[in-house]
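Take a look at the following structure, please.
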2 protein chains.
Amino acid sequence: MKVIVIGGTGVIGSAVADALSGTHEVIRVARKGGDLHADIASKDLLERLFAEAAPFDAVVSCAGSGAFKPLDQLTDEDFAYSLFDKLMGQVNVLRTAAKHISNGGSITLTSGVLASEPMPGSGAISLVNAGPEGFGRAAALELRGRVRVNVVSPPWVSETLSAMGMDHSGGMPAAEVAKAYVKSVEDGSLTGQVIDARAVVSA
Amino acid sequence: MKVIVIGGTGVIGSAVADALSGTHEVIRVARKGGDLHADIASKDLLERLFAEAAPFDAVVSCAGSGAFKPLDQLTDEDFAYSLFDKLMGQVNVLRTAAKHISNGGSITLTSGVLASEPMPGSGAISLVNAGPEGFGRAAALELRGRVRVNVVSPPWVSETLSAMGMDHSGGMPAAEVAKAYVKSVEDGSLTGQVIDARAVVSA
């Protein structure tokens, strides 16, 4: 398969691209670096990306970020940034990729464990992690038979915790998280699912 | 208790206001009509509302709408409208009410069954119904000990289905849905929960 990994130079995205590279043709997409460039906050850049990359069989979105701050410090701008990057970014990827992807292909979006297991400071992130789960399930229903749609919910990643100077032992290595994305891409029966990456590894 | 019901003239909101009126002082808020006016899409109007209404013990938000259209017909404007009305509306209510509400009070937001049980055409609605569930859980964690925060997830409401010219037998009467909101307001042990209105009635 030809698989486009957006955020393919990030911590999770590069692990996903590495995991898929053995058996698939992988195109790594990032704002800078990577094989092709795009920004999920820009529907125009995504349109151009998918038109250029077609034909392709799968898209994985590991991109998007939000503001991590206590509730009483989150500004209107923090919410707007989080909505347009992480949340509408996933929506943009799906809407634009669906026009160009091969029949029988798959689109995999990313939410995050904070959607259902919050921590202090995660108000905006929990909001924009939960949204794509609802959207992905709905989009899967409408696209059923043409394209599969799943959402992977990663836990805290060890490499990210280390980079933040935190104890990495509470996290999951990116290479393990990547298995959930590989499952979404390769399991032709899977659609409309929110895949908890921890459940895939322990299964 | 003094309870502010936003969307208090709508199908669900008026049933909630009616159910609470027997034992509480209820202020019905709507864009037009009602006892006081506000629009959840406007943080400024909410700030003014809560400053004027204080002191109060509970806020229930039954307001907010989104665009219901097939995925390939949803425009950028449809998504923007849905995000700023239904989704950021709930966020706005919480952020502004939290500044003025009495200690030990409660804030109840609204999501909807389409967050987890989509139907064709619900892409934008499923997105903006899921978001408040993640946000509500996170906000509850930060406000624990000061204010309780819950999110009620109503199913399709009979009266709404009838008004849309659809078979109302698949819906739940608004007066039954209201019980979930009453539980959120009155049960002092309940916080950080997404309350499925169907489960409250059948419990």
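The values are calculated or read from the model by the stated rules, or taken from the named source; none is laboratory data. In this text, all values refer to a predicted model and were calculated from it rather than measured experimentally. A quick note on method: Cβ atoms are made from the backbone with ideal geometry, for glycine too, and the neighbour counts reach across all protein chains shown. Surface areas here come from the heavy atoms of the whole protein model, side chains and all, with no ligands, DNA or RNA. Shrake-Rupley method; radii C 1.70, N 1.55, O 1.52, S 1.80 Å.
Considering only the stretch B:131-139, I want to know if a residue exists there that is more than 8 Å from every other protein chain (Cβ to nearest Cβ) and either free of Cβ contacts under 8 Å to residues at least 24 places away in the same chain or under 20 Å from A:Leu127 (Cα atoms) (or both). Talk me through it step by step, then tell me what you get.
Within the stretch B:131-139, the first condition is being more than 8 Å from every other protein chain (Cβ to nearest Cβ), and the residues that meet it are B:136.
Add one more test, that the residue is either free of Cβ contacts under 8 Å to residues at least 24 places away in the same chain or under 20 Å from A:Leu127 (Cα atoms) (or both), and what stays is B:136.
Yes, some residue in the stretch B:131-139 is more than 8 Å from every other protein chain (Cβ to nearest Cβ) and either free of Cβ contacts under 8 Å to residues at least 24 places away in the same chain or under 20 Å from A:Leu127 (Cα atoms) (or both).
Any chance you could count how many residues in the stretch A:159-172 are closer than 24 Å to A:Val26 by Cα and free of Cβ contacts under 8 Å to residues at least 60 places away in the same chain? Steps first, please.
First, pick out the residues of the stretch A:159-172 that are closer than 24 Å to A:Val26 by Cα: A:159-160, A:172.
Adding the requirement that they be free of Cβ contacts under 8 Å to residues at least 60 places away in the same chain leaves A:172.
Going through the stretch A:159-172 one residue at a time, the tally reaches 1.
To continue, here is another question. Search the stretch B:4-29 for residues that are closer than 20 Å to B:Thr160 by Cα and pair each with any residue that is open to solvent by 50 Å² or more (accessible area, probe 1.4 Å) and of a type in the set (A, V, I, L, M, F, W, C) when their beta-carbon atoms are under 8 Å apart and the residues are at least 6 apart or on different chains.
B:Val11/B:Ala163; B:Ala15/B:Ala175; B:Asp18/B:Ala175; B:Ala19/B:Ala175
Within the stretch A:118-127, count every residue that is at the interface with chain B (Cβ under 7 Å from one of its Cβ atoms) and in contact (Cβ under 8 Å) with a residue 40 or more places away in the chain.
Result for the stretch A:118-127: 4.
Follow-up. Can you find a residue in the stretch B:65-73 that is open to solvent by less than 10 Å² (accessible area, probe 1.4 Å), outside any helix (DSSP H, G or I) and more than 23 Å from B:Thr9 (Cα to Cα)?
no
Would you check if there is a residue in the stretch B:96-110 being within 14 Å of another protein chain (Cβ to nearest Cβ), under 26 Å from A:Ala140 (Cα atoms) and not β-branched (Val, Ile, Thr)?
Scanning the stretch B:96-110 turns up no residue that is within 14 Å of another protein chain (Cβ to nearest Cβ), under 26 Å from A:Ala140 (Cα atoms) and not β-branched (Val, Ile, Thr).
What are the residues in the stretch B:12-35 that are assigned to a strand (DSSP E or B) and touching a Gly at 6+ places or on another chain (Cβ under 9 Å), if any?
To start, the set of residues in the stretch B:12-35 that are assigned to a strand (DSSP E or B) comprises B:25-30.
The answer is B:Val26, B:Ile27, B:Arg28, B:Val29, B:Ala30.
OK, next. Look through B:Phe79, B:Phe56, B:Phe50 and report the one residue that is at pLDDT 95 or above, of a type in the set (A, V, I, L, M, F, W, C), assigned to a loop (DSSP other than H, G, I, E, B) and open to solvent by less than 10 Å² (accessible area, probe 1.4 Å). Before you say what the answer is, go through the steps one by one.
Working: B:Phe79 fails: assigned to a loop (DSSP other than H, G, I, E, B); B:Phe50 fails: assigned to a loop (DSSP other than H, G, I, E, B).
Only one candidate qualifies: B:Phe56.
If you check A:Leu190 against the conditions, is it touching a Leu at 6+ places or on another chain (Cβ under 9 Å) and closer than 22 Å to A:Asp18 by Cα?
Values: touching a Leu at 6+ places or on another chain (Cβ under 9 Å): no; closer than 22 Å to A:Asp18 by Cα: yes.
Answer is no for this residue.
Are any residues in the stretch A:111-125 under 13 Å from A:Gly66 (Cα atoms) and open to solvent by 10 Å² or more (accessible area, probe 1.4 Å), and if so, which ones?
If the condition is that a residue be under 13 Å from A:Gly66 (Cα atoms) and open to solvent by 10 Å² or more (accessible area, probe 1.4 Å), then A:Leu114, A:Ile125 are the ones that fit.
So, in the stretch B:158-173, of the ones that are surrounded by 13 or more Cβ atoms within 10 Å (Cβ to Cβ) and not hydrophobic (A, V, I, L, M, F, W, C), which residue ends up nearest to B:Leu20 (Cα to Cα)?
So, considering only residues that are surrounded by 13 or more Cβ atoms within 10 Å (Cβ to Cβ) and not hydrophobic (A, V, I, L, M, F, W, C), the one nearest to B:Leu20 (Cα to Cα) is B:Pro173.
Criterion first (free of Cβ contacts under 8 Å to residues at least 24 places away in the same chain, of a type in the set (Gly, Ala, Ser), within 14 Å of another protein chain (Cβ to nearest Cβ) and farther than 24 Å from B:Ser21 by Cβ) does B:Gly145 satisfy it? Full working, then the answer.
Working: free of Cβ contacts under 8 Å to residues at least 24 places away in the same chain: yes; of a type in the set (Gly, Ala, Ser): yes; within 14 Å of another protein chain (Cβ to nearest Cβ): yes; farther than 24 Å from B:Ser21 by Cβ: yes.
Considered against the rule, which asks whether it is free of Cβ contacts under 8 Å to residues at least 24 places away in the same chain, of a type in the set (Gly, Ala, Ser), within 14 Å of another protein chain (Cβ to nearest Cβ) and farther than 24 Å from B:Ser21 by Cβ, B:Gly145 comes out as yes.
Could you say whether any residue in the stretch B:15-29 is open to solvent by less than 60 Å² (accessible area, probe 1.4 Å), more than 15 Å from B:Met88 (Cα to Cα) and touching a Pro at 6+ places or on another chain (Cβ under 9 Å)? So that I can check it myself, show each step before the final result.
So in the stretch B:15-29, the residues open to solvent by less than 60 Å² (accessible area, probe 1.4 Å) come out as B:15-17, B:19-21, B:24, B:26-27, B:29.
Next cut, more than 15 Å from B:Met88 (Cα to Cα) only: B:15-17, B:19-21, B:24, B:26-27, B:29.
Still in the list and also touching a Pro at 6+ places or on another chain (Cβ under 9 Å): B:15.
Yes - at least one qualifying residue is present in the stretch B:15-29.
In this structure, is B:Phe84 under 15 Å from the mean Cα position of the chain (by Cα) and open to solvent by 30 Å² or more (accessible area, probe 1.4 Å)? Full working, then the answer.
Details: under 15 Å from the mean Cα position of the chain (by Cα): yes; open to solvent by 30 Å² or more (accessible area, probe 1.4 Å): yes.
Spelling it out, B:Phe84 is indeed under 15 Å from the mean Cα position of the chain (by Cα) and open to solvent by 30 Å² or more (accessible area, probe 1.4 Å).
Name the residues in the stretch B:87-110 that are surrounded by fewer than 16 Cβ atoms within 10 Å (Cβ to Cβ) and not polar (S, T, N, Q), would you? Spell out the reasoning first.
We begin by selecting, within the stretch B:87-110, every residue surrounded by fewer than 16 Cβ atoms within 10 Å (Cβ to Cβ); these are B:99, B:102-104.
The answer is B:Lys99, B:Gly104.
Still on this structure: Is it the case that A:Gly8 is part of a loop (DSSP other than H, G, I, E, B) and open to solvent by 10 Å² or more (accessible area, probe 1.4 Å)?
Details: part of a loop (DSSP other than H, G, I, E, B): yes; open to solvent by 10 Å² or more (accessible area, probe 1.4 Å): no.
Spelling it out, it is not the case that A:Gly8 is part of a loop (DSSP other than H, G, I, E, B) and open to solvent by 10 Å² or more (accessible area, probe 1.4 Å).
Does the stretch B:54-67 contain any residue that is within 30 Å of A:Thr96 (Cα to Cα) and free of Cβ contacts under 8 Å to residues at least 24 places away in the same chain? Working first, answer last.
Let us first name the residues in the stretch B:54-67 that are within 30 Å of A:Thr96 (Cα to Cα), namely B:64-67.
From the residues that got through so far, the ones that are free of Cβ contacts under 8 Å to residues at least 24 places away in the same chain too are B:65.
Looking for residues that are within 30 Å of A:Thr96 (Cα to Cα) and free of Cβ contacts under 8 Å to residues at least 24 places away in the same chain, one finds at least one in the stretch B:54-67, hence yes.
Would you be able to tell me the number of residues in the stretch A:174-192 that are under 19 Å from B:Ser116 (Cβ atoms) and surrounded by 19 or more Cβ atoms within 10 Å (Cβ to Cβ)? Before you say what the answer is, go through the steps one by one.
Kept after step one, since they are under 19 Å from B:Ser116 (Cβ atoms), are these residues of the stretch A:174-192: A:184, A:190-192.
Add one more test, that the residue is surrounded by 19 or more Cβ atoms within 10 Å (Cβ to Cβ), and what stays is A:184, A:191.
Residues flagged as under 19 Å from B:Ser116 (Cβ atoms) and surrounded by 19 or more Cβ atoms within 10 Å (Cβ to Cβ) within the stretch A:174-192 amount to 2.
Hey, can you tell me all the residues within the stretch B:148-174 that are away from chain A (no Cβ under 14 Å) and under 16 Å from the mean Cα position of the chain (by Cα)? Show your work before the answer.
Filtering the stretch B:148-174 for residues away from chain A (no Cβ under 14 Å) gives B:148, B:152, B:154-174.
Matches in the stretch B:148-174: B:Arg148, B:Val152, B:Pro154, B:Pro155, B:Trp156, B:Val157, B:Thr160, B:Ala174.
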